[in-house]
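Engineer: Dropping a structure here in structure tokens format, bear with me for questions.
Any read-out appearing in this document is the output of simple, stated calculations on the displayed coordinates, not a laboratory observation. Nothing here was measured: the structure is a model prediction, and the numbers come from that model. Cβ: placed from backbone, ideal geometry, glycine included. Neighbour counts: every protein chain shown.
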Amino acid sequence: MKLTVRILACALALVTPFATAARAETPRDALLVSTAWLAQHLNDPDLVLFHVGPDAEYPGAHIPGARFLAIRSIAKSDQGPGTLTLEMPPADALRAQLEAVGISDGSRVVVYGAKDWMSPPTRAVLTFLHAGLNVSLLDGGLKAWKKDGREVTSVVPPAKTGKLSPLKTVPIVVDARFVQSHANTAGFAVVDARDAVFYDGSREGGPGDRRTSGHIPGAHSVPFSEVTSEDMKLKPANELAAVFEKAGVKPQDTVIAYCHIGQQATAVLFAARTLGHSILLYDGSFEDWARRGLPVDNPAKK
């Protein structure tokens with residue numbers, strides 16, 4: 001119970017400093033910026049802008065001043081046998097990684113996606129939130145920037161190293177035991193962010209050595225593709241609320257999300273946070289769950 005209270009308190013505090021820094025009225029205002037806002041602030045001295053997408057495409061066209069960000073560069077570096085595909089690094093390691101990509105105390109971080117998927121940039125955003133940084137996502141990413149007729153460039157900015165104080169991380173990452181003990185607890189909603197075919201057991205999920213079908217018992221299905229419109233912008237608040245309500249998530253629930261490896265889940269958590277939900281990431285996700293041999297529900301076999 002003490003652990004739950006501590007995690008909830010930190011998760012609820014997650015948005016407070018960012019809302020203040022951005023002078024925002026809602027979590028959505030704090031976490032999402034428009035192309036107009038970015039164009040106005042592109043030359044701010046404290047802005048650190050990240051391009052998330054295929055590395056081969058970045059040099060040809062990116063937003064002026066944007067630095068390429070590989071998700072692996074802000075993840076746990078140990079990839080030995082039995083390790084999970086994608087994990088949050090320890091605080092000291094994360095601090096060094098953030099400094100290496102140019103983030104300092106006082107940086108205003110903005111992330112944008114360069115392709116037609118939302119989960120890589122939201123994985124970056126959630127990592128930065130976990131680190132206690134002031135971060136937002138560009139709504140619609142590079143596609144929206146180009147559609148609005150704004151400038152792109154092939155000029156790659158020089159590498160820059162930042163300087164950060166010791167991180168005051170927000171413990172928004174939970175493990176399998178926490179998920180299992182809260183799956184049917186009032187005030188919590190475990191959400192499966194994978195495509196519906198994985199949730200209903202039509203297709204197998206999990207690591208190659210432990211393929212299995214179905215979902216975590218008690219989980220609700222909110223596929224990550226359902227939180228964005230066709231233009232890859234986050235759906236309006238009323239439409240997002242309807243998506244979560246249809247799945248069985250209550251307005252005051254703390255959302256615990258998982259997917260295959262902990263990336264698609266971040267898109268759903270980002271959307272949930274913009275609605276005011278407290279959020280928690282099961283970082284090991286179904287890869288970890290399957291390796292542990294934990295129970296699953298498989299509607300396809302019923």
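Engineer: Name all residues of region 46-82 having a backbone nitrogen under 15 Å from the label point set 7 Å from the Cα of E151 along its Cα→Cβ direction, giving them as ranges.
Structural biologist: Label zone hits: 61-66.
Engineer: Moving on. At what distance in angstrom do the alpha carbon centres of region 168-217 and region 79-118 lie from each other?
Structural biologist: If we compute the Cα centre of each part, the gap is 22 Å.
Engineer: Next question. Name the most mobile residue of H41, H220, H260, meaning the one with the largest mean-square fluctuation, in a Gaussian network model of the chain with Cα contacts below 10 Å.
Structural biologist: Top of the fluctuation ranking is H41.
Engineer: On to the next question. Where is the GNM fluctuation largest for the chain (alpha-carbon springs, 10 angstrom cutoff): V174, V227, V125?
Structural biologist: Most flexible of the set in this elastic network: V174.
Engineer: Given the Cα-Cα distance of A91 and E239 and 0.36 nm per residue of separation, how much length would full extension add, in nm?
Structural biologist: Extra length from A91 to E239 when fully extended: 49.7 nm.
Engineer: For region 121-141 and region 236-302, what is the separation of their C-alpha centers, rounded to whole Å?
Structural biologist: Their Cα centres are 18 Å away from one another.
Engineer: Based on the Cβ-Cβ distance from K143 to A183, what FRET efficiency comes out when R0 is 35 Å, to the nearest 0.05?
Structural biologist: Details: r = 36 Å, r/R0 = 1.04.
Rounded to the nearest 0.05, the efficiency is 0.45.
Engineer: Let me have the 222 nm mean residue ellipticity of the chain computed from DSSP H runs of 4+ only, each contributing -39500 (n - 2.57), with the sum over all residues rounded to the nearest 500. Could the numbers behind the result be given before it?
Structural biologist: Values: 12 runs with 99 residues, N = 302.
About -9000 deg cm²/dmol.
Engineer: In the chain, what percentage of the DSSP-assigned beta bridges are antiparallel, given to the nearest 5?
Structural biologist: Among the beta bridges of the chain, antiparallel pairing accounts for roughly 15 percent.
Engineer: Could you put V243, V197 in order, starting from the residue whose Cβ has the fewest other Cβ atoms within 10 Å?
Structural biologist: Neighbour counts put them in this order, fewest first: V197, V243.
Engineer: Please compute the modelled spin-label separation between S225 and K163, points set 7 Å along Cα→Cβ, answer in nm with one decimal.
Structural biologist: A separation of 4.8 nm, rounded to one decimal place.
Engineer: Same structure, new question: Kindly provide the pair-distance distribution of region 199-280 built from C-alpha pairs, with 5 Å bins from 0 and whole-percent values in order of increasing distance.
Structural biologist: Calculated over all Cα pairs of region 199-280, the distribution is 3, 15, 25, 25, 16, 11, 5, 1, 0 percent.
Engineer: What distance in nm lies between label points placed 7 Å from Cα along the C-beta direction at V197 and E57?
Structural biologist: 2.2
Engineer: Can you put T122, T127, T153 in order of Cβ neighbours within 10 angstrom, beginning with the fewest?
Structural biologist: Numbers: T122 28, T127 23, T153 14.
Final ranking by Cβ density, sparse to dense: T153, T127, T122.
Engineer: Let me ask something else about it. Local charge sum around H215 (other residues, Cβ-Cβ under 10 Å, Lys/Arg +1, Asp/Glu -1)?
Structural biologist: The answer is -2.
Engineer: Which residue, D192, D139, D55, has the most motion in a Gaussian network model of the chain that connects Cα atoms within less than 10 Å?
Structural biologist: Comparing D192, D139, D55 in the GNM, the peak value goes to D55.
Engineer: Grab every C-alpha pair in the chain, bin the distances at 10 angstrom width from 0 up to the longest one, and report whole percents.
Structural biologist: In order of increasing distance, the bins hold 6, 29, 36, 22, 6, 0 percent.
Engineer: If you don't mind, there's one more thing I want to ask. Which of the GluC sites (Glu not before Pro) across region 222-279 are loop residues per DSSP, with 12 or fewer other Cβ within 10 Å? Please list the in-between numbers first.
Structural biologist: Numbers: sites: E226, E230, E239, E245; in loops: E230.
Loop-located and lightly packed - E230.
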